[in-house]
Each structure stands twice: as structure tokens, then as C-alpha cells.
Amino acid sequence: MTTIQTLKPHISLNVRNVQESIAFYRKLFGIEPSKVRTGYAKFDVQNPPLNLAMNQAATNETRSKLSHLGIQVATTEDVLAVKAQWEAAGLPTRDEMRTSCCYAVQDKTWVTDPDGNQWEVFVVLEDGLPENQSAVCCGTDASQLVQLGSGACAVK
């Protein structure tokens, strides 16, 4: 079995108001967000290690506030190694290589659990893209997206 260098777990939440959520998580973690864009924010927590992203979305009782879950790894080779493990275990995967997501360029692969929760394993290849270069929301079916004025997106 290949050794995979995992960096940290990833949780992406759908939130009603990104600015209110930033204020809450700033207090909760005692740190500033590492990235803020229109309708999007990310906290890169070191202790405990966590990549927490928030996408502004219309939420209601019938729709989960969870966007998706993931594991950040160190290299594309790690992504491909996890993909091979998932496929060997009989899980269908979906790849997004060199995709613009969460204001970064990433290589990733996805699986979906029996309840429809999406899990990604990903590596960040280039970070800090401007708002007009990142109109795709991670793990979201394009039919569920609403474009915001800046080119960012939110989930319907």
C-alpha cells in the first residue's frame, strides 16, 4: 500500500451569511480567515488541523447545511493513490484535475456515500485566485449554482 501524506480534514459548510459566519468562527478559533471572497471564506486552522470552508447558500430545513467533506493531501500522486484505493474497494470515483475551485487550482477525486454526502481528496496546486477566476463551487452540481456579481458562486 502506498503511503499518502495527508495534511488535514476538510469541511465545507453552506451558510446563510458568510460575514456573520466569519465573525463566529473568528471567535471560535481565535484566528483570522485565510481567504475571504464574495460568498466564500476559509479558515486554515492549525490546531486542531482543519480546512474549514464556507459557501453562502440559501439553506432550509430540507437541505443540509453541509456542503461536502474532504481530505487535503500533499501531492497529485497522493490524490491518485487514494483514488486507486477507493476504486479497488469498489467505490466509483469522479475526477476534477486542474480545476478552479474555492479560489484555487486543485487536483481532486470524489466519492459519494449512501446518503449522498460527497467526499473529496484534493491537493491545492495554486492558491489565492481572484474572484473572477473561480466561478465553480467545490462538489456542487452546476445546476445548483447561482452566479454572484463578482463571478463567485453560491448554492441555490
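Can GLU120 be described as modelled with pLDDT under 95 and surrounded by 18 or more Cβ atoms within 10 Å (Cβ to Cβ)? Quick ask: steps written out before the conclusion?
Details: modelled with pLDDT under 95: yes; surrounded by 18 or more Cβ atoms within 10 Å (Cβ to Cβ): yes.
Judged against the criteria, GLU120 is a match.
Of the residues PRO92, PRO9, PRO48, which is of a type outside the set (A, V, I, L, M, F, W, C) and touching a helix residue (DSSP H, G or I) at 6+ places or on another chain (Cβ under 9 Å)? Spell out how you get there, then give the answer.
Values: PRO9 fails: touching a helix residue (DSSP H, G or I) at 6+ places or on another chain (Cβ under 9 Å); PRO48 fails: touching a helix residue (DSSP H, G or I) at 6+ places or on another chain (Cβ under 9 Å).
Step by step, each of PRO92, PRO9, PRO48 is checked, and only PRO92 is of a type outside the set (A, V, I, L, M, F, W, C) and touching a helix residue (DSSP H, G or I) at 6+ places or on another chain (Cβ under 9 Å).
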State yes or no: is SER12 touching a Leu at 6+ places or on another chain (Cβ under 7 Å), assigned to a strand (DSSP E or B), under 20 Å from PHE122 (Cβ atoms) and among the small types (Gly, Ala, Ser)?
-> no
Name the pairs: first residue in the range 1-19 and surrounded by 15 or more Cβ atoms within 10 Å (Cβ to Cβ), second residue of a type in the set (D, E, K, R) and assigned to a loop (DSSP other than H, G, I, E, B), Cβ to Cβ under 8 Å, at least 6 apart or on different chains?
-> LEU13/LYS65; ASN14/ARG63; ASN14/LYS65; VAL15/LYS65
When you scan the range 55-75, how many residues do you find that are outside any loop (DSSP other than H, G, I, E, B), modelled with pLDDT of 85 or more and either crowded, with 18+ Cβ neighbours inside 10 Å or among the polar types (S, T, N, Q) (or both)?
-> 8
Among the numbered criteria (1) surrounded by 17 or more Cβ atoms within 10 Å (Cβ to Cβ); (2) farther than 17 Å from PHE122 by Cβ, which single criterion is violated by ASP78?
-> (2)
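With assigned to a strand (DSSP E or B) and at pLDDT 90 or above as the only criterion, which of LEU52, LEU80 stands out?
Sole residue among the options that is assigned to a strand (DSSP E or B) and at pLDDT 90 or above: LEU52.
Being in a strand (DSSP E or B) and within 15 Å of TRP119 (Cα to Cα) is the filter here; which residues of the range 83-100 pass it? Full working, then the answer.
Filtering the range 83-100 down to residues in a strand (DSSP E or B) leaves 94-100.
Correct list: ARG94, ASP95, GLU96.
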How many residues, within the range 20-42, are out of contact with any strand residue (DSSP E or B) (no Cβ under 7 Å at 6 or more places or on another chain), touching a residue at least 40 places away in the same chain (Cβ under 8 Å) and either of a type in the set (S, T, N, Q) or not in a strand (DSSP E or B) (or both)?
-> 1
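The values are calculated or read from the model by the stated rules, or taken from the named source; none is laboratory data. Predicted model, so just to flag it, every value in this text is computed and none were measured. When we count neighbours, we look across all protein chains shown, and the Cβ atoms used for this are built from the backbone with ideal geometry, even at glycine.
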